[in-house]
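Notes to accompany the following structure.
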Amino acid sequence: MPYLELQNLHRDFGTVKALDGIEIQLGEGEFLSLLGPSGCGKTTALRLVAGFDRPDEGRIVVDGKDLTNVAPNKRDMGMVFQAYSLFPNMTARQNVEYGLRIRGRDKADRRKRVADLLELVGLGHAGDRYPHQLSGGMQQRVALARALAIEPRVLLLDEPLSALDAKVRVQLREEIRRIQLELGITTLYVTHDQEEALSVSDHVAVMYGGRIEQMGSPAEMYSAPATPFVAEFIGTMNRLEGTIVDGGVDHGGTMLRVDGTEGRPKGQRVLVLVRPETVEVAPANGGAAAANTLVGDVVTQTFLGPVTRLKIMAPGVDVIADVPTQQALALPVGTRVAAALPAQGVRMLELKHDVPEIAEEPAPAGR
Amino acid sequence: MKPRRFMAPSAFLWLVLGAAYFLIPLVATLLFSLKSNTTGKCCTAANYGWVVHNGDFWHTLKISILLALETIVISLLLFVPTIYWVHLRVPRLRPVIAFLALIPFVVPPIVMVVGLLKVFKGTPDWFYAKPWGFLAAAYVILAFPYMFFSLDAGFRSIDVHTLTEASQSLGARWTTTLFKVILPNIRAAALAASFLTLAIVMGEYTIANLSAFHTFPIFIQYVNETQGFPAGALTLLSFGITWAAMLSLLVVGRTRGARGAVIAGAR
């Protein structure tokens, strides 16, 4: 039986459908990330679970108990916010202790639990510091300890790392996962950072327009995106539109012989999705273009460490290819190259309607 | 070696001018108050003796201080939860309240008191005929702009939404959140609002006079009209008393937890 269930959740703000029938089932102790661009409804869903907002329709069930109409202070949900949310008038210790005081725990019990939790988040030494004496990362650790102190039914994390710098972000997300596994706490994590979601979760749900586009394990989401939107959102994808013809896909005159064409009716419009790391690039030899090969000029090179990302402007499409950095040195900007797409391992989706453009995620408000 | 200069000469000049502007009247009043009421000669403390042995002085002072405290308490009870609620739930009402808060500035006290006397005319005697009723109500209105703008600035300096939600998710009720989380973090603002209210009530003349209540400013005015040199002594004493009252508010307000208020206010 699932531990956390969101059943057919709807929430409208005026004419905007923030949530349009969300269904989620999560087992006890599992970690689910809600991933999507801003305005997709992920934070709304989290706030409904926390009780800060009520759904127009649908139910929220935790451990068999319907919490839909329960006040937020009676739900036992531990929440870590995007903005720094520590109480400025209390020390780190008092912040963590706050929920326990409200629950009327006795002093010795409180002290022990607070000390254990501060130790767990690696801040055993900083209990007497006020929030303004802590760095952003430390503040979020204390916020995590504070949320865990009340032994919540579900831990809710609302983009807790978005105000932190890159290095701390990676460090802290690993720590969140470690603690979550250690305590076996059911966790709902909201983020717009796909790398963050893929690296720490048991399950990822990609949301768009108030709906869940796809939910699955990180590996599934990466290797088998179910919709063009998911394909676009998770990782970088080359998207080649084409039409099914005999023996393959016709992409603007170039024949693509790839897996997945069998059984599709001729004339069907499809989207062929190719990961940049599977594209092979070599200098063009001037001969006629072979099947699966797009010829174009390298227009940009982006150094990513072990690999370099090339953008190749081919007729009708820009191809992105990740090549070993050593090889990229021989392919400077302006070089005419042939980009060969693999026959296997590509993903093909029927193109029913235009794929929505993904808006650039705005920088988090630094507070 | 050149001596270290701590202050530019022009800055020093301005400081001296500023200090003189404030101190000369005080010193003049002091000298005036030390003259004998009968001979007009310096120097005697008799005028101060006259003031402190005057029963009306203590009586009216007590009324005004209690009235100030009452006004502060009522205003805080009324405005803190209201402004908290507005910031949290109906932020679009904020400009409306800000506009309403400006009315006591715009309407002259003499007009206001006539209106208030009319409005409250039918009310029972315990309210209409007592300073603790009618006058306190008028002073709450008079203090509204100072309360609102100070508290509003305090609420703006903290993240009301996140702090409230964090507190709620940890199991706190509204009242707990207000007293344990919100109030300590707007304490500096509440203190500033209280200072201003205190100063207003201790010096308010028009409303008290026209509604025929005998408050401290009325007593000062009476002494000014009837006595020469003791009036100077009284002025200086009232000045000192107001400062002492503010200082005691500061001491009461700056106990445990006030630290957070300073931090929140500084952000």
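Remarks
- Boolean, A:Val170 is without any contact (Cβ under 8 Å) to a residue 12 or more places away in the chain and more than 19 Å from A:Met79 (Cβ to Cβ): yes
- Annotation: of all residues in segment A:23-56 being assigned to a strand (DSSP E or B), in contact with a His (Cβ under 8 Å, 6 or more places away or on another chain) and not hydroxyl-bearing (Ser, Thr, Tyr), the one that is surrounded by the most Cβ atoms within 10 Å (Cβ to Cβ) is A:Leu35.
- Taken over segment B:95-126, the residue count meeting the criterion of being farther than 17 Å from B:Thr197 by Cα, surrounded by 14 or more Cβ atoms within 10 Å (Cβ to Cβ) and of a type outside the set (A, V, I, L, M) is 1.
- Per-region count, segment B:24-45, residues at pLDDT below 90 and surrounded by fewer than 17 Cβ atoms within 10 Å (Cβ to Cβ): 10
- Residue count for segment B:145-167 satisfying the condition of being assigned to a helix (DSSP H, G or I), open to solvent by less than 20 Å² (accessible area, probe 1.4 Å) and either of a type in the set (Val, Ile, Thr) or touching a Ser or Thr at 6+ places or on another chain (Cβ under 7 Å) (or both): 7.
- The residues in segment A:228-260 that are of a type in the set (Val, Ile, Thr) and open to solvent by less than 20 Å² (accessible area, probe 1.4 Å) can be counted, and the count is 5.
- Residues in segment B:150-171 that are hydroxyl-bearing (Ser, Thr, Tyr) and within 7 Å of chain A (Cβ to nearest Cβ): B:Thr162, B:Ser169.
- When A:Thr293, A:Thr300, A:Thr278 are checked against the criterion of being within 26 Å of A:Ala219 (Cα to Cα) and polar (S, T, N, Q), a single residue qualifies: A:Thr278.
- Selection status of A:Thr68, at negative phi and assigned to a helix (DSSP H, G or I): no
- Residue count for segment A:244-281 satisfying the condition of being β-branched (Val, Ile, Thr), in contact (Cβ under 8 Å) with a residue 24 or more places away in the chain and farther than 25 Å from A:Lys311 by Cβ: 2.
- For segment A:258-269, the set of residues classified as under 12 Å from A:Met348 (Cα atoms) and in contact with a strand residue (DSSP E or B) (Cβ under 9 Å, 6 or more places away or on another chain) consists of A:Val258, A:Asp259, A:Gly260, A:Thr261, A:Arg264, A:Gln268, A:Arg269, listed by residue number.
- Boolean, B:Thr71 is under 30 Å from B:Phe149 (Cβ atoms), open to solvent by 50 Å² or more (accessible area, probe 1.4 Å) and of a type outside the set (A, V, I, L, M, F, W, C): no
- For segment A:258-274, a residue qualifies if it is at pLDDT 85 or above and not in a strand (DSSP E or B), and the qualifying residues are A:Arg264, A:Pro265, A:Lys266, A:Gly267, A:Gln268.
- Those residues of segment A:108-139 which are more than 14 Å from chain B (Cβ to nearest Cβ) and small (Gly, Ala, Ser), in sequence order: A:Ala108, A:Ala115, A:Gly122, A:Gly124, A:Ala126, A:Gly127, A:Ser135, A:Gly137
- Exclusive hit being out of contact with any Pro (no Cβ under 9 Å at 6 or more places or on another chain), at negative phi, in a strand (DSSP E or B) and without any contact (Cβ under 8 Å) to a residue 60 or more places away in the chain, set A:Asp12, A:Asp20: A:Asp12
- Some residue of segment A:322-337 being at pLDDT below 85, in a loop (DSSP other than H, G, I, E, B), in contact with an Asp or Glu (Cβ under 8 Å, 6 or more places away or on another chain) and open to solvent by 20 Å² or more (accessible area, probe 1.4 Å): no
- Segment A:64-104, subset in contact with a Phe, Trp or Tyr (Cβ under 6 Å, 6 or more places away or on another chain) and more than 7 Å from every other protein chain (Cβ to nearest Cβ), residue most open to solvent (accessible area, probe 1.4 Å): A:Thr91
The values are calculated or read from the model by the stated rules, or taken from the named source; none is laboratory data. None of the values given here were measured: they were computed from a predicted structure. Don't worry about glycine lacking a Cβ; one is built from the backbone with ideal geometry, like all the others, and counts go over all protein chains shown. Areas reflect the complete protein model, heavy atoms only, side chains present, ligands, DNA and RNA absent. Shrake-Rupley method; radii C 1.70, N 1.55, O 1.52, S 1.80 Å.
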